[in-house]
Amino acid sequence: MKKVCSLLILTIVFLNTSLSQVIDNENLTVTHGPWLQNLDANGVTILWTTNKPAVPGINITGPDGKTRFVRNSHDGIVDGGGMLHRVRVEGLEPGSIYKYSIHSVQIMRYQAYKIYYGDTLSRKAETFTTPALISGVVSFLVVNDVHNNSGKMSSYFQKGIAGEKDFCFFNGDMVDFLQSPDELFTGFLDSAVTYFASKKPFYYVRGNHETRGYKAREIKNYFDYKAGKYYYGFDFGPVHFTVLDCGEDKPDNNKNYFGLADYDSYRAEELEWLKKEVKSEAFRNAKKRIVIIHMPIVKEEKQNNGMKYLSDNFGPLLQAAGVNLMISAHTHRNTFYEAGKSGFNYPLLVNSNNSFVEVIADEKEIHAVVKDVTGKQLAEYFIK
Ligand SMILES: [Fe+2]
C-alpha cells in the first residue's frame, strides 16, 4: 500500500511538472515601470521590466502627430530576450511634447534557427516634454535617505509636486543595501513610477548604502548613467549640475567590507575627472553651478575616512572652481551652512531623511524650500 501511495504521488508530481511546462497560463505583463532616464533636448532612455523574456520597443508620437517605432540594437543584434528593458530614443526636437507607449513582444522559445513569439503587449500612452535648448529657469526636487521607506516618500509625492518639476534627484541611501533588484522597486522606484517617473526623469545619485549587497554591482543596469559613470556633469537651463559619487564612508579595510572595498582608488580616479570637469566650458560658462553629492563636503574635526578624503581633496577644488550651492544628505539632519561656514566658500544644504527640497534656479538666484512629508515648509533659502 505504501509503495502504491509513493508511486501515485510521484506520478502526480511528474504530471504537474509536465503540464506546467506545456501550459503557461500567465500572460505577459509589465512588472515595473516605465521610468525615464537621461532626458535631454534630443533624446530619452525608457526602462521597464516584464514577467517574461521579451523584445522591447517604443511607439513614439511627436508634435507633428507622426508615430514611429523604435527598437535598439547593438553590434547588429536587436536588443531583447531579457526581462529588464531599456530603449534609447534619439532624434527628438527640443522643447516638445511627446507621447510614448512601451511595447513588448514575448519570446516563448529562442532557438538558433527558430524563435517562437508569444504575447504582444502595448501599454497606455504616457507623455514627456523635452527641455528647451535655451531656458532661463530650472526646477527640481531632491529626495534622499529614504532607506526603503517608500511609504513616507509616497506621502510627500501624493501632493503631486514631482510632476511639476523638471526632474528629481534621488540623492543616495534610497535603499539600505541591494541583495535583490526587488529592493530597488519596493524601496522607491515603484513609488516614483506611480507619481511621476513615467513622465519626468530622475537622477539616481549613489549613496554609501547603495554600495552594499551583492546586487550593488548591477545598479547601472536599471538606470542610465552618462558615460556609464556615477559621477558626471549636465546642463539644464541656467545651471550646470555636477553630480558626484561619495563612495563608502569607512576605510576600505573596515571589517564590514570583508576585503571587497576599493573606494580610496575610486575617489582618486573621480578626483582626476573632477579636475577636468571644473575646467570644462560647460562648467565655467554656466550662470549657476550646483554640486549634488550624498555625503556633504564639509570641514569638521572628526571625520571618517570617506568624508575626510572628500573634504581634503574635493572641497578645495570646488571652492576654487566657484560653486553656487552644494546639496547633500547622509546625516539625517537638516543643516544649512552659509558660504564659508562649511569650511569652504560655497553654501551647503544638507537635507534630512524626513524632508524634501524643492529648488527653482534662474540666472540671478537659487531658491530652495525644505518641506516635511505633509508639504509643510520647514526652511527657505535664497542663494544669490
Ligand atoms: Fe549615507
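Computed from the coordinates by the stated procedures, all read-outs in this text should not be read as laboratory data. Owing to the predicted nature of the structure, the values given are computational and were not obtained by experimental measurement. Positions of Cβ are backbone-derived with ideal geometry, glycine not excepted, and every protein chain shown enters the neighbour counts.
In degrees from 0 to 90, rounded to the nearest 10, what is the angle of the helix 2-22 Cα long axis to the longest principal axis of the chain?
For 2-22 against the chain, the angle is about 60 degrees.
Points 7 angstrom from Cα along the Cβ direction at residue 155 and residue 320: gap in nanometres?
4.6
Quick check: pseudo-label points 7 Å beyond the Cα along Cα→Cβ at residue 299 and residue 61, how many nm apart are they?
The two pseudo-label positions are separated by 5.9 nm.
Using the alpha-carbon atoms, what tilt in degrees (0 to 90, nearest 10) does helix 263-277 show relative to the longest principal axis of the chain?
60
Quick one: grab the alpha carbon gyration tensor of segment 306-384, order the square roots of its eigenvalues as a ≥ b ≥ c, and give me rounded if a/c is under 1.5, else prolate or oblate depending on whether a/b is larger than b/c.
Verdict is oblate for segment 306-384.
Given the DSSP H assignment, sum -39500 (n - 2.57) over each helix run of at least 4 residues in the chain and divide by its residue total; what's the result at 222 nm in deg cm²/dmol, nearest 500?
That comes out to -4500 deg cm²/dmol.
Given +1 on the Cβ of Lys and Arg, -1 on the Cβ of Asp and Glu, and no further charges, what dipole in debye does the chain carry about its Cα centre, rounded to the nearest 20?
So the magnitude is around 580 debye.
Taking the Cβ of residue 303 as the centre, find all other residues whose Cβ is under 13 Å away and add up their charges (Lys, Arg: +1; Asp, Glu: -1).
0
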